[in-house]
Structure formats: C-alpha cells, structure tokens
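What follows is a short report on a single structure.
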Amino acid sequence: MATETKKDLLPTPETKPGCSGKFNPYKEVVIMGVSFMLIYCCYGSVVGLQSTINIKGGLGTTSLMVISIISAVSSLTLVPFIIDFLGAKTALMIGEAGSVLFITANFYARWYTLMPAAVIDGFVDGAIWPGSGMYITWLGTKAFRRFKNRHPDKEITKESFLSRYFGYFYTFMFCGDLLTSGLTTLSLMAFTNLGPPAEMSSNQTQPELETMPVNESDAMEQSMFGDISQCGANECQSNFMSANLTDEDLEMYIPSKNSLYLLCGLGMAFGLTAIAIQFFCLPPAPSRYEQERKAKKALKLEYNGATDRHETKLDDGKEENDEENDDNKVANVRKEMRMLLRHFVSPLNLLVIPFLFYCGLYIGFQLTEYPRAFVSCVNGVEQVGIAYVVLSVSGVSTSVLCSQLIPKIGLRRFLIIVFFVHLTIYLVCRFWVPTVDTKWASYVIAVIIGIGGSSIFNTMPLVTNRFFEDSLAAAFGTQNCFMAFGYAFSTGWSLGVCVYAKIYLLLGFLILAFVCLIGAELLRDRKLKQKKEEEEKNDIA
C-alpha cells in the first residue's frame, strides 16, 4: 500500500468533494455526464434544427456559421487563459451559459435577435469542449494514479483509463441526445397542423427555383418541392435563399409556433438545471497555475522543515503581498502566450490540425445537411425528431462499444475502423436517390451517421491526449478552434453548394486528415525513440 507524502497531505482542490460526498472519480464522471447530457441534448436539438426551422434567408445556417467562426478565434485567444487561470469547471459553465442564451433567442428568431445571441455564444462556446475534455482528463488521470498506487504490478496504460472515462462521458451525452430527440419528436408532432408555421408570409408568389438533376448529366425541369428525388445528395439550400418563398414551399421545413415554444422552453429548463448541477455538485478541477502555486508552497514548507500535517496546512489568509501576486500573474500570462505559440507552430500540431478540421466538417454535415436534405426534405420536419432518436440510439451503442474496444485494440487500429465507417457514410449518402418506396432509408442513414459521429467524439480527446500530454489546455483549445473552423466552413458552404458536391469535398478532407494522422504517428514514434535513447545514455553515464 502506498504511503502518503507531504504533497498528498496538502488540501489542494483535487481533494475537495462535490455534493456526492467523498471525492470519487467514478461518481464525479456520472455527475458530469448527467449534467452535460442535459445541456448538450437541448442545445444540440435547437442547433440541429437551425437549418430547418430558420431556413428562410439562411438565417439558421448563418447564425451557426457566426458561432463557429467566433468560437474558433476565442478557442485560441481566450479559452486557454480561462482554463489555465480559472479551471476547467468554470470554463465549462461559462460556455454553457452562452448556449442557454442562444436557445432563448430562438423564441423570437429574427436577424436582430438571433445574430447578437450567436455572437455572444460564439465568444464563450469555445470553452465547452476544452473545459469538458480537460475535466474528464483530470478525472481519468486521477483514477489511473489511484489504480497504479493500489496495484503497482498490473500492466495498464493511462490511455486505456482515459478512453474508458471518455467512453462513459460520451455515453451519457448520447443518452441525453436520445432523450431530447424523443422530446423533440413529441413537441414537433404534438402540434402538427394545429397552427401556422413559425415564420410564414402570405401573398407571395412561387419563385423560379434552381433544381439539381438526379445525375449531373441529366436535367429535370421539376421543382424540388414536388419531387423528392431532388432531396438527399441532390438538394441545394441555395433554393431557399429567395425572399419570395410561399407558405407551401416551406411547410415541409418549418414547424408551428407552439412546437418551437415548447422545444425552446424545454431547452432553457434543461440548460439551467445542468449549470446548477455542475455548480453545486462537481468539485473544482485545479487550474494549471493554482497547481503550480500549491507545488511551490509545498516545496517552501518542506524546505523550512514543516513535517507535521497541521504545519503543512495552507492558510489562505497568509498570501504573498499584492505586488508579488501581480508580478506572478503577469509572468504567468506571458508564459501562457509563449506556450500557446510554441504549441500552435509545433510539427505535431500542424499534422493533427487537418483531422480536427475534418471533425468539424463532419459534425456540420450531421447537424445541417442530414436533418434538412435527408429527413425534412424527404419526410417532413415532424420526422426529424424520430430520425434523431434513431441516430442517438446508434450513438449511445457506439460510445459504449468504444469504451470497451479502444482499450483492447488500441487507438491506432480504432482510427482505421473510423476511416472506413466514414467512407461508407459518404458513399451511401451520395448514391441514395430518395423515392416514395425508399423513404425508410433516411433512418438507415441515421444509424451509420450516428456511428460516425460517436466514433469521432470518442477519438478526438484521445488524439489530443496522445500527442499533447504536456500542453493540454493549449491542445484542447486548438482542438475546439479547428473543429469550429471546420463547422463554420461546413455551414458556410451549405448556403451555396449542393449536397452532392459537399460529399465529394468531405471525402477529400477525410483522406487528407488520415494521411496527416499517419505522419503525426510516425513523428511521435520517432520522438519517443529519441527520448528513450537519451534516457539510456543518461543511465549509462
């Protein structure tokens, strides 16, 4: 049994329990998963319907693009400072507050209400994924250290612990997606044909719309509204940019006001509940500079001969003078900026960036193209909730499988599986031509898209931890930055590029991303080999 050291006796934030009682990583990951389940599912439902419920003039898609662009910038300039100075828990709650604001703006979605909310949400949204990633990494690392202390002879890697913890976390997240998909279905279908769509204009004439042929070489003169073969890969959102669309044109896409009010009301309630659970029940993960300050104090106490447990207890009332604290803060800010710059231009980071960018592209495809072109256009907006139930069940099952499979086969082999899953998704989406008899296939597509999305979410934080263990705050900030850029790019091209062209672009980025990941693995192996050789030389010397 491991003995306690002076550092173990220090009352650091790691030993402060939440409302679950004594600190237990397994309990905390459950609390974290349940709370994040609530915020993610309600925000994800509203975001996932933006390209449909706010389709007129491209308002919904444009708002998502604004969020993504601003979030990408803040992920590199603001989020690492929030995490390293305030901690992962605080960063997470700040980001979630922006999500609740964006949901609220959808009660009355107009350019002058939704866009300001999107800007504010964009500034803080970048803290959600890095904050949650850092928090789960902290829990998984602490659980790994406890296990190694109790079982020093057992062969187990930190990566296997992290993969399990992220698997648990994302299982809760997709369970929340499943729950909210059910609520979305009820809210959309409960008021079907009981009121006018949320944003409709009368006395408007049918515009002449551009149509895309089923095959690029064949021309069809039919309107896409009357021919579902123009849905799926052949759908073009540019058809909806006209201001002269009629009620009949958009009735397949926009639900009633009652449905929207119910959906947004549930979203607000779930979001505020999630923030309250995290605030009262989760222990604060120590910030980077808080840990450094505690470590310095521990060394100082040890140097002064403070060996008694009571003597090592830190007295918050006896801090260094204000001038010294200010100097330390300035020095820490400069240190953080240098670390961010070094991380950003490092060869490993440059090789991982295409994979992160591709992940953002895929998430954009899942949240914009799929519900609009493969569900609403084929079956009507009321069926989006059902499709997301199917997608969420697929995601939950895949996340559970990931938590068990990745520790057994390793991250490298699992990434090969991810590549072929995504390749299959694009081939199916590209060559499926919707007909009255094949509408059911949109739900089959939901299954494979759910598998692809869940595998992406489970591998991203593991890739970040694998390559950048020494600079996690900067790495998670970079992860969110280029994911957001990819998502912004995906939503931006939704306005002017037909779905079939986006699929070809996604295929190209998929190949590029995994070629670069292979290069990153080779570079990492070379660095580890050099480090091992240096250690052997030092041992000999």
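The values are calculated or read from the model by the stated rules, or taken from the named source; none is laboratory data. Bear in mind the structure is a predicted one, so any value in this text is a computation, not a measurement. Cβ placement follows ideal geometry from the backbone for every residue including glycine, while neighbour counts extend to all protein chains displayed. All accessible areas refer to the heavy atoms of the entire protein, side chains included, with ligands and DNA or RNA removed. Shrake-Rupley method; radii C 1.70, N 1.55, O 1.52, S 1.80 Å.
Give me the percent of accessible area attributable to carbon and sulfur for the range 398-451, probe 1.4 angstrom. Present the calculation step by step, with values, prior to reporting the outcome.
Working: 2000 of 2670 Å².
Carbon plus sulfur share of accessible area: 75 percent.
Run the numbers for Leu186 and Leu528: contour at 0.36 nm per residue of separation, minus the present Cα-Cα distance, in nm.
Values: separation 342, 0.36 × 342 = 123.12 nm, distance 5.33 nm.
Taking 0.36 nm per residue and subtracting the Cα distance, the gain is 117.8 nm.
Starting from the Cα of Arg342, move 7 Å in the Cα-to-Cβ direction to define the label point; list residues of the range 495-538 whose amide nitrogen is under 18 Å from there.
In the range 495-538, the label zone of Arg342 (backbone N under 18 Å from the point 7 Å along Cα→Cβ) covers 524, 527-528, 531.
What nm distance separates the two modelled labels at Val436 and Trp111, each placed 7 Å from Cα along Cα→Cβ?
4.1
Give me the number: length gained by fully extending Arg150 to Ile416, i.e. 0.36 nm times residue separation minus the C-alpha to C-alpha distance, one decimal in nm.
So the chain would gain 92.3 nm between Arg150 and Ile416.
With Rg and the Kirkwood Rh both taken from Cα atoms, where does Rg over Rh land for the range 84-166? It would help to have the intermediate numbers written out before the result.
Values: Rg = 18.6 Å, Rh = 14.9 Å.
Ratio of gyration radius to Kirkwood radius for the range 84-166: 1.25.
For the range 471-541, what is Rg from Cα atoms divided by 2.2 N^0.38 Å, rounded to two decimals?
Details: Rg = 19.3 Å, N = 71, 2.2 N^0.38 = 11.1 Å.
My calculation over the Cα atoms of the range 471-541 gives 1.74.
What are the semi-axes of the equivalent ellipsoid of the range 25-105, taken as the square roots of 5 times the eigenvalues of the Cα gyration tensor, listed largest first and rounded to whole Å?
Semi-axes from the Cα gyration tensor: 26, 18, 8 Å.
Could you give the accessible area per residue of the range 336-380, probe 1.4 Å, as a whole number in Å²?
On the way: 1220 Å² over 45 residues.
About 27 Å² of surface per residue is accessible.
Over 21 Å between C-alpha atoms is what I'm after, so list which of Lys154/Lys527; Lys408/Lys531; Lys89/Lys142 land there.
Violating the 21 Å limit, Cα to Cα: Lys154/Lys527; Lys408/Lys531.
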